[in-house]
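What follows is a single structure, written as structure tokens, with notes after it.
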Amino acid sequence: MRLRSTFRLLAASALLLSGTAVMAVPVAGSDAGIALVQVDDTPKPFKLSAPRPNPFRTTSALTLTVEEAGEITVTVHDALGRRVAMLREGQSTPGTYTLRVDAENLPPGLYIVRATNGDGDTATRSLALVR
């Protein structure tokens with residue numbers, strides 16, 4: 001019991017040092033009574049959703065939500081870091097965009113979808129292609 005509380009305190013300290021806010025919330029049926037929940041309220045110029053489905057066989061879709069107008073590039077990279085597909089490139093106005101990853105010419109494996117804006121802000125999501 002004491003070790004669990006110490007771990008939670010250390011985890012909260014690490015998150016606070018990284019600039020991420022932490023909240024303690026009650027947990028029903030827990031002997032400790034509270035759990036730490038990470039809260040990231042930092043404004044972001046864009047958000048990249050988790051791919052659906054993941055893992056996938058033929059196609060997978062992600063949602064790109066743009067909060068501010070600007071240059072956005074969304075690419076797909078293989079496990080070695082090589083760019084294998086360009087999903088979006090150019091100016092984007094605020095809104096929500098659906099991006100589709102087509103696996104027709106890709107071998108099975110792990111892939112990273114990377115969205116980057118003109119200021120260098122980046123969001124990444126992993127994707128697994130199975131046959």
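Only the coordinates and a few stated rules stand behind these numbers; no lab work does. Just so we're clear, the structure is a prediction, and the values are computed from it rather than from any experiment. Here Cβ is always computed from backbone atoms with ideal geometry, including for glycine, and neighbour counts include all displayed protein chains.
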**Message:** Looking only at the range 54-84, how many residues end up being in contact with a Ser or Thr (Cβ under 7 Å, 6 or more places away or on another chain) and closer than 15 Å to Leu106 by Cβ?
**Reply:** 2
**Pairs with Cβ under 9 Å, 6+ apart, first in the range 76-93 and under 11 Å from Leu129 (Cβ atoms), second among the aromatic types (Phe, Trp, Tyr)** = Val76/Tyr111; Asp78/Tyr111; Ala79/Tyr111; Val84/Tyr111
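Does the range 94-131 hold any residues that are of a type in the set (D, E, K, R) and part of a loop (DSSP other than H, G, I, E, B), and which are they? Show your work before the answer.
So the first thing to find is which residues in the range 94-131 are of a type in the set (D, E, K, R), and the list is 100, 102, 104, 114, 119, 121, 125, 131.
The answer is Glu104, Asp119, Asp121, Arg131.
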**Complete:** In the range 71-93, anything within 19 Å of the chain's Cα centre (by Cα) and in a loop (DSSP other than H, G, I, E, B) is listed as Ala79, Gly81
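What number of residues in the range 45-70 are assigned to a loop (DSSP other than H, G, I, E, B) and of a type outside the set (Val, Ile, Thr)?
Filtering the range 45-70 for residues assigned to a loop (DSSP other than H, G, I, E, B) gives 45, 49-51, 53-55, 57-58, 67-69.
Within this subset, residues satisfying the condition of being of a type outside the set (Val, Ile, Thr) are 45, 49-51, 53-55, 57, 67-69.
The total comes to 11.
To keep it simple, each residue is scored yes or no on (1) over 15 Å from Leu48 (Cα atoms); (2) surrounded by fewer than 14 Cβ atoms within 10 Å (Cβ to Cβ).
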{"site": "Leu87", "(1), (2)": "no, no"}
{"site": "Tyr97", "(1), (2)": "no, no"}
{"site": "Ala103", "(1), (2)": "yes, no"}
{"site": "Leu106", "(1), (2)": "yes, no"}
{"site": "Leu110", "(1), (2)": "yes, yes"}
{"site": "Arg114", "(1), (2)": "no, no"}
{"site": "Asn117", "(1), (2)": "no, no"}
{"site": "Thr122", "(1), (2)": "no, yes"}
{"site": "Arg131", "(1), (2)": "yes, yes"}
